[in-house]
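First up is the structure itself, then whatever we jot down about it.
Rule-based calculations on the coordinates, nothing more; no lab input. Keep in mind the model is a prediction, meaning the values are calculated, not measured. So basically every Cβ, Gly included, is an ideal-geometry build from the backbone, and we count neighbours across all protein chains shown.
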Amino acid sequence: MTDNVLTQLAITADASRPGKSGGLILTGQSVTVGLPFEPARYLRHGWQSWTLTAWTPASLRLPRMRPALLNPMQGDPAYAGTRRPNGSWYGAVEASDGKIVLLGALGLESHVELDGSTLAGRYEEGSGEWFVVYGNEAEVMAHYAGLLAERLGRGKVARPPRVWCSWYSLYTEIHEQQLLKILADLGDLPFEVFQIDDGWQKGIGDWEANEKFPSGMDGMAASIRAAGRIPGLWLAPLLIHSSASVYRDHRDWLLHDKNGGPVSAGFNWSGLIYALDTTHPEALAWLADLMKKVRTWGYDYVKLDFLYAGALPGKRHVEMPREAAYRQGLEVIREALGEAYFLTCGAPIFPSLGLCDGMRVGPDVAGNWESLRDARLLQNHAIPGAQNALRTSLNRLWLQPLVHTDPDVVYFRRVQNGLSGEQMGLLQDLSRAAGFKATSDVPSWLTAEERQALKAYLESDETVERTGRTTYRIGGRTVDFAPFIQLPPQPGFFLNLIGAVLGGLASVPVLMNVFDALGRRALKKDLSTHPV
Ligand code: 9PG
């Protein structure tokens, strides 16, 4: 392989020209790049925050993620059935010299697949530009990031805040008194933001304080401010739950399928969830009012979650490409949020660039590393789990010139956590490499040493240098993530059969609710053994 490998690529496109600082810019709705070698590995890039992003064997055909009921919530449902290695906006292959060939779109609604030794890119609607380049992975991705910044923009906030987030300890079991206790107990721990996650609202679509927050969300913000922290709040503004008032009163604000029914955005909160149509003027006005209300309550840090809903395929009030429709909604949101720090989550990656300050770049962490159920039976790598989070986030750190990359929280506590010391350390190092620090550790759950370690972690500002594809120098230490981000082996016949049955069962809403109820019971028991 030589540096003129670009000239050895068999390219089909409407037009091709050299890029300003290397590589080629192609134009076309469909383009193909024939490789002069059999690639060993393919870099698949997931559509939204939680979707698998990883180097996988080029021969690996992953089955449809199980359970199918969650497909719209965990990846791009338009490609849920695609077996060939494929991914959103870009794809890359590895040559025998360890360098890579990237085929990356410079626009939205685009997808790349590997067909033998041909990379094939396609825009869903109309023609667009593509970038083709060969080189070492870090340089290639930095080059690509620069081109994307020119087209989509980049975040403007210099540094992300350090965040205490309620989710990964208390989940939906939050209430006013308990959060105020935590706020006081944080004491000298240097968090800028105290962020209230899911559990404060009346419903998904009914964004008012529920009975567990008698002082209201404005009251909570005032208490957080009085304690010297920036108030942060979670919402999922593009989702409408089947029990929400918007679902009853404004069915026309929803994204519809061709038969006129609402498009499924997945299943959560014990029910079916739907998507807001961000081209509907009344829905947009409602969104802007909601964001302004949250700002008036006093929240200067806003985590907007399940944002993929706005970019799902479907029929819209104004016909336009789906990611453009989403981006239009995000522009309205950004404008209404004003100067607040805006963290996107469950967000389609490229369509969110330039409009947010931070972005979750992987699935949720959890107090377990991986599970047989998720990794091998369901073959679902978007489900909450520490290894899933590490794997996908690490492969998205190239986005750092465009947005603050949030790899999710770290753990210092031993309570309600089954991670080993090494695994906790890996998540901490990931967050150092990502430059974004957050935790959900409840102060009263920490031993004196754990609290001291958390404080030192928050205070320290180690130099971080990427030294290789998976290696970093962090504060003088060498860290190699390679051994921890491989996909698990493919299940054999019997495991796969059991997985198919389990996936089928979990796709039945009633049974999903039974799994959920069991989880909630375990959490309540946990919280009563370890009170806040
Ligand atoms: C609140 C949570 C937290 C968290 C978000 C998001 O695919 N899934 O099964 C799945 C489950 C939970 C989830 C995302 C995906 O969590 O990432 O930080 O805010 O919502 O409900």
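Using alpha carbons only, how many degrees (0 to 90, rounded to 10) separate the axis of helix 322-337 from the longest principal axis of the chain? Rounded to the nearest ten degrees, it is 40.
In segment 307-354, taking the dipole from charged Cβ atoms about the Cα centre, the farthest positive-side position among Ser352, Gly329, Gly314 is held by Gly314.
Under 5 Å from the amide H of Ile230 lie the amide H atoms of Val193, Phe194, each residue being 5 or more positions distant or on a separate chain, with H modelled from the backbone and absent for Pro and chain starts. Using the charge dipole of the chain (Lys, Arg: +1 at Cβ; Asp, Glu: -1 at Cβ; taken about the Cα centre), state which of Trp47, Tyr472, His381 has its Cα farthest towards the positive end. Going by the charge dipole, the pick is His381.
Each residue in Ile196, Ile230 was given a count of other beta-carbon atoms within 10 angstrom of its own, and listing them fewest first yields Ile230, Ile196.
Our note on the geometry: Cα centres of segment 133-193 and segment 41-85, 24 Å apart.
Tilt of helix 281-297 relative to the longest C-alpha principal axis of the chain, in degrees (0 to 90, nearest 10)? The two axes meet at around 50 degrees. Rounded to the nearest 20, the size of the Cβ-charge dipole of segment 5-152 about its Cα centre is 360 debye, with Lys and Arg at +1 and Asp and Glu at -1. Close amide H partners of Leu106, meaning residues 5 or more places away or on another chain with modelled amide H under 5 Å apart, are Glu129, Trp130, Phe131. Computed about the Cα centre, the dipole magnitude for segment 349-423 is approximately 160 debye when only Lys and Arg (+1) and Asp and Glu (-1) carry charge, each at its Cβ. Mind pulling the angle between the C-alpha long axis of helix 216-226 and the longest principal axis of the chain? Nearest 10 degrees, somewhere in 0 to 90. Around 90 degrees separate the two axes. For Asp406, nonlocal amide neighbours, meaning residues 5 or more places apart or on other chains whose placed amide H falls under 5 Å from its own, are Met359, Arg360, Val361.
Charge dipole (Cα centre; +1 on Lys/Arg Cβ, -1 on Asp/Glu Cβ; no other charges) of the chain amounts to roughly 600 debye. Fewest-first ordering of Ile11, Ile174, Ile240, Ile273 by other beta carbons within 10 Å of each residue's beta carbon gives Ile11, Ile174, Ile273, Ile240. Going from the residue with the fewest nearby Cβ atoms within 10 Å to the one with the most, Ser371, Ser393, Ser30 rank Ser30, Ser371, Ser393. Could you tell me what a quarter of the Cα convex hull surface of the chain works out to, in nm² with one decimal place? Its Cα hull, projected and averaged over all orientations, spans 23.5 nm².
Under conditions of 10 °C and 1.306 mPa s, segment 5-152 yields 103 µm² s⁻¹ as its translational diffusion coefficient, taking Rh as the Kirkwood radius over Cα pairs in the Stokes-Einstein equation.
Compute the Cα gyration tensor for segment 267-394, then decide on rounded, prolate or oblate, letting a ≥ b ≥ c be the square roots of its eigenvalues: rounded whenever a/c is under 1.5, prolate when a/b is larger than b/c in the other cases, and oblate in all that remain.
Prolate.
Along segment 354-367 the Karplus relation, 6.51 cos²θ - 1.76 cosθ + 1.60 evaluated at θ = phi - 60°, assigns HN-Hα couplings of x, 10, 10, 9, x, 8, 5, 10, x, x, 5, 6, 7, x Hz to successive residues, with x for each Gly and Pro. Under the shape rule built on the C-alpha gyration tensor, where the axes satisfy a ≥ b ≥ c, segment 370-427 is oblate, since a/c reaches at least 1.5 while a/b does not exceed b/c. Residue by residue, segment 39-50 carries 3J(HN,Hα) couplings of x, 8, 9, 10, 9, 8, 10, x, 5, 10, 2, 8 Hz when phi is fed to the Karplus relation 6.51 cos²θ - 1.76 cosθ + 1.60 (θ = phi - 60°); x denotes Gly or Pro. Between the residues Trp164, Ala105, Thr118, the greatest Cα displacement towards the positive end of the dipole of segment 79-191, with unit charges on the Cβ of Lys, Arg, Asp and Glu, is found for Trp164. Over segment 332-467, the alpha carbon radius of gyration divided by the compact-protein estimate 2.2 N^0.38 Å works out to 1.11. Karplus-based coupling profile of segment 152-164, in residue order and whole Hz: 10, x, 9, x, 10, 7, 5, 10, x, x, 8, 10, 9, with θ = phi - 60° in 6.51 cos²θ - 1.76 cosθ + 1.60 and x standing for Gly or Pro. Calculated on C-alpha atoms, the gyration radius of segment 81-158 divided by its Kirkwood radius gives an Rg/Rh of 1.00.
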